[in-house]
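Here's the structure, in structure tokens; my notes come after.
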Amino acid sequence: MVSRLLLAVRIGWVLGAMLAGFCLAAPAMAQDREKPLRVAMTGKYPPFSYYDNEGNLAGFDVDVSREIARRLGREVEIVATEWDGILAGLLAGKYDAIIGSMAITAERAKKVNFSEPYYQSGAQLFIHRDNPAKVFSIEECDGMKVSAVLGETYQRYLEQNHPAVEVVTLKSSVEIFELLEQNRITGFVSDRLVGSWQIKSASRPFVPVGDMLYAEKMAIPVRKEDTQLLEGINEALRQMRRDGTTRRIHQKYFGLAAPSNVGPSGEMSSGVIAAKLFKGFAATLGIAAAALGIGFFLAIPCGLVLNQPRGGMAFLYWPVRTVVDFLRGTPVLIQLLFAWMGLGLSPYVAAIGTLGVNSMAYMAEIVRAGLMSVDYGQVRAGRALALSRYQVFRYIVWPQAFRVAIPPLMNSVVALTKDTALVAVISVAEVIREAQSIISVTFEPSKYYLIVAVMFFAVTFPLMKFAGLIERRIRRKGFAHA
């Protein structure tokens, strides 16, 4: 009787623990289901991901992403980012999965877990129709220039299997098309489906030659620890194969009847193009303004410290000097990537913070130089008149130093504005990235890069002329040497 009672108590404890565990886990599970499924792709890989004629993300991978999220019971949030940093962004937790036609490789499988393949394609060599180099297979390209998109498996294939080929890596197929059109490369290696589709859409005189170089299975990578998400994605892919959804999506983009917004190049309306460019440029100017405010706010105290290696602030000199020298001596791009991936900051916070702190390093040196231009005898004269240190700085030193520093500070503003072009690599939708998304559909890089250049010039040229005007006025008033 006692043993039965003990057994019942034990069973009760086990059931209670299971019930408690379920109660604790259920809110977390529900909360996880309520979170959107963050999916990454480039947005510059038509017909798998691109911006349609209404300026919205569309394509084979976009449809697959939405269908998987629907079957998981979650909303989908698509993050458009650069391909050469897309895997690093996944490992840094910037998104949950990559649905961007990523091929399964042994190297990638060491870092992430891949889903079951959701389609299969292969690598193909494409050349100019006129074939000036007279090549008909990859084996005949030794000593010649063959291009591939940076970070794609085709680059690794060429480097490992055809070391005599000079591999030219570029950021997108659009840039490759321009080089091949000008006969500056012999050909390029790309996905058989994508290459054929893009050539047709861009109306370029390129043709495939030789056999398919190798087959690839495309799958969806997730982080190693996200086993539950991987199981859900695999089950969704199985359901899509069983009920014919995968086949219908494939037919939509590669069949005979493609939708109108996947048609030939140049179909993005002028209104959508203008809206994307101005929206991106507004983001560019906003980032520049915020970064400039941070930089100037920090530059004044740092410049003061650097100007006084001895005295009351001597203990701050070497820390400030080390930070300033490090920021000036390392590329802004590396700093951006570290802030975004290493520190885990959001793209806009990383962009504004990095550009702001980097500009601080340069403006601090300008402030220091301005302070050094003020003769120390004026400081002594101010102290002789019983002025406090603050009053000497406020009324004697700073007005003269700031007048001298204004022209180089304006140059820093111009440089900072141009440096915002770098933030496109961390998925910030500024004007460069918006232009690239337009180019991926229109295949007109010269036109839209020129438009963006003119937009930057329209802002920076008045700043440069304003800096020149201020400098001339300073010279006339005798605050600078002629």
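Kindly indicate the residue of the range 404-430 that is part of a loop (DSSP other than H, G, I, E, B) and aliphatic (A, V, I, L, M) and also surrounded by the fewest Cβ atoms within 10 Å (Cβ to Cβ) among those meeting that condition. Talk me through it step by step, then tell me what you get.
The first filter runs over the range 404-430 and keeps only residues part of a loop (DSSP other than H, G, I, E, B), leaving 427-430.
Remaining after also requiring aliphatic (A, V, I, L, M): 428-429.
Values: Val428: 24, Ala429: 19.
Looking at residues that are part of a loop (DSSP other than H, G, I, E, B) and aliphatic (A, V, I, L, M), I get Ala429.
Being outside any helix (DSSP H, G or I) and either closer than 17 Å to Val428 by Cβ or in the same structural domain as Leu87 (by TED's automatic domain parsing) (or both) narrows it down to one of Leu345, Leu336, so name that one. Working first, answer last.
Working: Leu336 fails: outside any helix (DSSP H, G or I).
Exactly one of Leu345, Leu336 is outside any helix (DSSP H, G or I) and either closer than 17 Å to Val428 by Cβ or in the same structural domain as Leu87 (by TED's automatic domain parsing) (or both), namely Leu345.
In the range 48-82, what count of residues is obtained for those that are of a type outside the set (D, E, K, R), assigned to a strand (DSSP E or B) and either in contact (Cβ under 8 Å) with a residue 60 or more places away in the chain or within 22 Å of Glu34 (Cα to Cα) (or both)?
7
Regarding the range 386-405, can at least one residue be identified that is closer than 22 Å to Leu463 by Cα and small (Gly, Ala, Ser)?
Checked the range 386-405: at least one residue is closer than 22 Å to Leu463 by Cα and small (Gly, Ala, Ser).
Run down Val189, Val146, Val222, Val207 and say which single residue is modelled with pLDDT of 90 or more, surrounded by fewer than 20 Cβ atoms within 10 Å (Cβ to Cβ) and touching a strand residue (DSSP E or B) at 6+ places or on another chain (Cβ under 7 Å). Give the derivation first.
Numbers: Val189 fails: surrounded by fewer than 20 Cβ atoms within 10 Å (Cβ to Cβ); Val146 fails: surrounded by fewer than 20 Cβ atoms within 10 Å (Cβ to Cβ); Val222 fails: surrounded by fewer than 20 Cβ atoms within 10 Å (Cβ to Cβ).
After ruling out the rest, the residue left standing is Val207.
Quick one: count up the residues across the range 366-385 that are in a helix (DSSP H, G or I) and either under 11 Å from Leu306 (Cβ atoms) or touching a helix residue (DSSP H, G or I) at 6+ places or on another chain (Cβ under 7 Å) (or both). Outline the logic, then answer.
Within the range 366-385, the first condition is being in a helix (DSSP H, G or I), and the residues that meet it are 366-372, 376-384.
Now drop any that are not either under 11 Å from Leu306 (Cβ atoms) or touching a helix residue (DSSP H, G or I) at 6+ places or on another chain (Cβ under 7 Å) (or both), which leaves 366-372, 378-379, 382-383.
Looking only at that region, the number is 11.
Residues of the range 83-124 being assigned to a strand (DSSP E or B), farther than 18 Å from Leu230 by Cα and under 20 Å from the mean Cα position of the chain (by Cα), which ones?
Those that are assigned to a strand (DSSP E or B), farther than 18 Å from Leu230 by Cα and under 20 Å from the mean Cα position of the chain (by Cα): none in the range 83-124.
Could you check the range 43-57 and list, in sequence order, the residues that are touching an Asp or Glu at 6+ places or on another chain (Cβ under 7 Å) and under 14 Å from Ser101 (Cα atoms)?
Phe48, Ser49
The values are calculated or read from the model by the stated rules, or taken from the named source; none is laboratory data. Fair warning: this is a prediction, and the values are worked out from it, not measured in the lab. Heads up, the Cβs are rebuilt from the backbone with ideal geometry, glycines too, and the neighbour counts pull from every protein chain shown.
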